[in-house]
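Worksheet for the structure shown next.
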Amino acid sequence: MNYKIKYDVIVIGAGPSGVSAAINCAQKGLQVLIVDISHNTGGQIYRAPPKSYKHISEKKLQENKTQEYLSREIKKNNIFTAYNHTVWQVSPGFKVDAFNDISTIQWHAKNIIVATGTYEKIIPFDGWTNPGIIGLAACTVMLKSHHFIPSQKIILAGNGPLLLLVAYYIIEFGGEVEAIIDTSSKFDWIKSTVSLISNPKNFKDGIKWLTKILFNKVPIYSNSMIAKATQHNEYIKVKIQNINTGKQESLVTGTLAVGHGLIPSTDITRLLGAKHIYNESKGGWIAEIDDYLRSSLDGLYVTGDGAGISGAIAAKDKGLIASLALLYDEKIIKEKEFKIKTKKIFKRLYKYELFAKAIAKLNSTPPQLLNNIKDETILCRCEDITKKDILEAIDNGAKDLNQLKSWTRFGMGPCQGRTCQYSVAKVVAEELKCNVEDIGYLTGRSPIRPVPLDRAIGEFDYNEITKIEAAPL
Amino acid sequence: MSKTDIAIIGGGINGASTALELAKNGLKVTLLDKHSICKGASGVNAGTLTMHMTRAQLIPYAKKGWELWMSTNKWLSKDIDVEKRNGLCLAFTEDEEKLLNERSKIRKEYGADIEIISKKEALRIDPNINKNIKCAAFCAMDGYVSANQTGYAYSKALKEHKVKILNNFEVTEIEFSENNYTILSKTGEKLISKKLILATGVHLNKALELLNIKVNIKCLPQQLIVSERMPKVMDTVITVANGKLSLKQFKNGTVLIGGGWPGIGSAEENFTATKSENLIGNMRLACHAIPKLKRSRVARVWLGLEAETDDAMPIIGELPDFNNAYIIGSIHSGYTSGPYMGKLLAKKILGEDVDLSLFDIKRFL
């Protein structure tokens, strides 16, 4: 691809939402580029197996089939693709900087659709940074995209439907789930059933997963969490605690996979200075959007779970809404078409929202998880910042997240606070007796992902370096 | 409504240093900030303590500032990392060699202990630098501070000396009557003070407007780049002849690339954005100076807003036609000399005989 190519629209993220938005724009004649860090479409939910895997396995998962469908659709609609490209910066105007295996590149676009999905949420506990402890969502990537189980024996902990999905796939691929540690109670699940039925396909999947788990007699610890995990030579010792009674029990296992839900990705919208709001049931901080997924900045649209968590099926429709808004704003479709089309989609989305709300409840973070964070527990694993470090800075007058970042270095590591911001904010709000929204969010900083310097600078002669005015003497 | 002896508007390095010195001398000081202590340029600058980038006329002040930074455990706090390093200023071409000679000579005349050294000598001092340099300028008076810790260190010290800090105090009005200044905030807070100091950094023109004084203050949005932690790749603080690079490796292994390459930003909108071509230019220059840097990855880029007057010299001293009103700011490489400049202004306010004529605001009125 050439340097500085202009597009009408750049879609960042080739998951279900990004793909549906890209197709809709391309079908109306816009020049569309879709960019993704992975080597193909699919996003995290339908992640494509690595290209080098020639004979991945006999099994063809439904996720893999959906992914192939998305890629075919992209090709059919003559959408420009930049797979294997990591977007590291988006600046006003819009300029999108990305890098691949060799170099960096900059594209220009009049409009940006952000479809960057979510990150995994893990509420820290003593020992969570030990080797052998992985994220539940990371585990789904190993399973769906690599058809690989992290170890023969595994304990799954956290909350929400991901617990069941991962358990199902591990058993399917011949592994042994030694226990499921669920912070929700059985009653929480039953309560959610009514709403979950609103999305029959997902509900059916859930029943399928649960049946397999029950058939395999996997012990389920409801109302329970991991109090502590310690790493030994050959195994991990996991201390399980009942949330209500405080009763503890220890188990040993090969791998512990933990996940407490998902957090919308807001790196790009924060970087561009768009407005954000806090919505716990949508996953935390999200870009402020109108009903048609327009952000507070002209030409910037946000779709999929990154605009608030509502799941993969809704993501596709959200992609349609965002692209219709864009087409209408660009005066490519008339108001009538815009209204009719979006109305139809909103009807469907309403149903998914009920489902999303039920999932959000199962995904919510019980206070006991946060209370389990000890003074010595590491919150920011990039910089080894403990809860005690944060409390000390607060004691000396720090009052908001950005100030705490600068004073303690939390969030300054390669992950830029993606992993720890949620828990640190909760700890700070608790200490300052205020709401999470009162202490702000981390200012967006480039690069969104660490950029290898050699690729950023490329091959150059000394006299080719941009000339700027000398400093005054 | 509260009362104080002296109100300082702006909690950056200048305001905070002045506040600390005044409080140590027994004054009741209140420090106001629109956001929080050292959250602006003072907390996000590169923290370079070099003579190679200092304006010649400011060298005597920067030297004093450097000495203060090297002894922060005595007067500020032990909670801030300060490192003494040798400073090397590199010339890669013949033109740069000429420029380096000229500039070093003038800085030397103003008291900087800088000497031009050969390529061989420079490579002995820091074997990591590019072998293709023409020559270098050497100065033993160099080093750096972890600027992100500035706010933490000053907050602790100010608290200890009973300085009252009011965060999120955005001043919207200043009234003068009966020998008192009444300062009003956006949220309706009110503070009465006998004396007033304006130290609002890049917003200095805005603060002056509240007193109906018009001075042009340029806002320079400058980009900074920091790498991930990496094994040791350099021993010195590196700068270049035209002053557009500062480079050093912190104790934790991260390398900070600075030099004041412009980005996008405005003081009023409180928004900054990067300019890719300038990021890449800055990175290229850094990797040219220290080739091993290429192995690293950029972890973060951010911007700081530097204030500059029309002659790029500071404004420090009394405000004419006002009683007991002072100003401090727009100090080029202000982080290095800030603690000393603050001390000077405090001395002036306390009645000592201090010559600040070089920085008099009258030259702009």
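Annotations for the structure displayed:
- Tally of residues being facing chain B (nearest Cβ under 7 Å) and out of contact with any strand residue (DSSP E or B) (no Cβ under 8 Å at 6 or more places or on another chain) across region A:459-468: 4
- A count restricted to region A:69-106 and to residues that are buried (at least 17 other Cβ atoms within 10 Å of the Cβ), within 14 Å of chain B (Cβ to nearest Cβ) and farther than 19 Å from A:Ser295 by Cβ stands at 7.
- The one condition in (1) closer than 24 Å to A:Ala138 by Cα; (2) surrounded by 20 or more Cβ atoms within 10 Å (Cβ to Cβ) that A:Ile289 fails to fulfil: (1)
- Residues in region B:109-125 that are out of contact with any Asp or Glu (no Cβ under 8 Å at 6 or more places or on another chain) and either within 12 Å of chain A (Cβ to nearest Cβ) or closer than 23 Å to B:Trp66 by Cα (or both): B:Glu109, B:Tyr110, B:Gly111, B:Ala112, B:Asp113, B:Ile114, B:Glu115, B:Ile116, B:Ile117, B:Ala122.
- Selection from region A:161-182 of residues that are in a loop (DSSP other than H, G, I, E, B) and either touching a Lys or Arg at 6+ places or on another chain (Cβ under 9 Å) or at pLDDT 95 or above (or both): A:Phe173, A:Gly175
- Of all positions in region B:174-194, none carries a residue that is touching a residue at least 12 places away in the same chain (Cβ under 8 Å), of a type in the set (Lys, Arg) and touching a helix residue (DSSP H, G or I) at 6+ places or on another chain (Cβ under 9 Å).
- Note on region B:137-207: no enclosed strands (runs of 3 or more DSSP E) hold 3 or more residues that are away from chain A (no Cβ under 14 Å) and within 30 Å of B:Gly243 (Cβ to Cβ).
- The residues on offer are A:Pro447, A:Pro414, and the sole one that is under 20 Å from the mean Cα position of the chain (by Cα) and surrounded by fewer than 21 Cβ atoms within 10 Å (Cβ to Cβ) is A:Pro414.
- Of the strands (runs of 3 or more DSSP E) lying entirely inside region B:256-365, those carrying at least 1 residues that are over 30 Å from B:Ala241 (Cα atoms) and at pLDDT 95 or above are B:315-318, B:325-329.
- Qualifying residue in region A:378-385 (condition: farther than 18 Å from A:Leu271 by Cα, more than 14 Å from chain B (Cβ to nearest Cβ) and not β-branched (Val, Ile, Thr)): yes
- Unmet requirement for B:His52, which otherwise passes all of (1) over 14 Å from the mean Cα position of the chain (by Cα); (2) modelled with pLDDT of 95 or more; (3) not in a loop (DSSP other than H, G, I, E, B): (3)
- Only listed residue being outside any helix (DSSP H, G or I) and surrounded by 15 or more Cβ atoms within 10 Å (Cβ to Cβ), chosen from A:Asn40, A:Asn24: A:Asn40
Here is a yes/no grid of residues against (1) closer than 17 Å to A:Trp209 by Cα; (2) in contact with an Asp or Glu (Cβ under 8 Å, 6 or more places away or on another chain):
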| position | (1), (2) |
| --- | --- |
| A:Ile134 | no, no |
| A:Ala137 | yes, yes |
| A:Leu143 | yes, no |
| A:His146 | no, no |
| A:Ser151 | no, no |
| A:Leu156 | yes, no |
| A:Pro161 | yes, no |
| A:Ala167 | yes, no |
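- Here is the figure for region A:150-176: residues that are over 25 Å from A:Phe355 (Cβ atoms) and buried (at least 22 other Cβ atoms within 10 Å of the Cβ) total 2.
- Hits in region A:432-453 - residues which are at the interface with chain B (Cβ under 9 Å from one of its Cβ atoms) and of a type in the set (Val, Ile, Thr): A:Thr443, A:Val451
- When residues of region A:89-103 are limited to those that are of a type outside the set (A, V, I, L, M, F, W, C) and closer than 15 Å to B:Ile280 by Cα, the one modelled with the lowest pLDDT: A:Ser103
- Selection within region B:211-228 - assigned to a strand (DSSP E or B), more than 10 Å from every other protein chain (Cβ to nearest Cβ) and in contact with a Gly (Cβ under 9 Å, 6 or more places away or on another chain): B:Cys219, B:Leu220, B:Pro221, B:Gln222, B:Leu224
- Filter result for B:Asn278 (at positive phi and within 14 Å of another protein chain (Cβ to nearest Cβ)): no
- In region A:218-260, the qualifying residues are those that are of a type in the set (Ser, Thr, Tyr) and within 20 Å of A:Gly160 (Cα to Cα), and the one that is surrounded by the most Cβ atoms within 10 Å (Cβ to Cβ) is A:Ser224.
- Here A:Ile263 fulfils each of the conditions (1) in a helix (DSSP H, G or I); (2) buried (at least 20 other Cβ atoms within 10 Å of the Cβ) apart from (1).
- Restricting A:Ala398, A:Ala471, A:Ala456, A:Ala393 to residues that are of a type in the set (A, V, I, L, M, F, W, C) and either more than 12 Å from chain B (Cβ to nearest Cβ) or closer than 21 Å to B:Arg229 by Cβ (or both) narrows the list to A:Ala456.
- Any hit, region A:314-337, residues being under 26 Å from A:Pro200 (Cα atoms), touching a residue at least 60 places away in the same chain (Cβ under 8 Å) and among the acidic types (Asp, Glu): yes
- For region B:39-98, a residue qualifies if it is hydroxyl-bearing (Ser, Thr, Tyr), within 14 Å of another protein chain (Cβ to nearest Cβ) and over 12 Å from B:Tyr144 (Cβ atoms), and the qualifying residues are B:Ser42, B:Thr54, B:Ser77, B:Thr93.
- Note on region B:1-47: residues that are under 22 Å from the mean Cα position of the chain (by Cα), acidic (Asp, Glu) and either surrounded by fewer than 23 Cβ atoms within 10 Å (Cβ to Cβ) or assigned to a helix (DSSP H, G or I) (or both) amount to 1.
- Lone unmet requirement of (1) in the same structural domain as B:His332 (by TED's automatic domain parsing); (2) part of a strand (DSSP E or B); (3) polar (S, T, N, Q) for B:Thr239: (1)
The values are calculated or read from the model by the stated rules, or taken from the named source; none is laboratory data. It should be emphasised that the depicted structure is a prediction, and the values quoted were computed from it without experimental measurement. Positions of Cβ are generated from backbone atoms using ideal geometry, with glycine treated the same way; all protein chains shown enter the neighbour counts.
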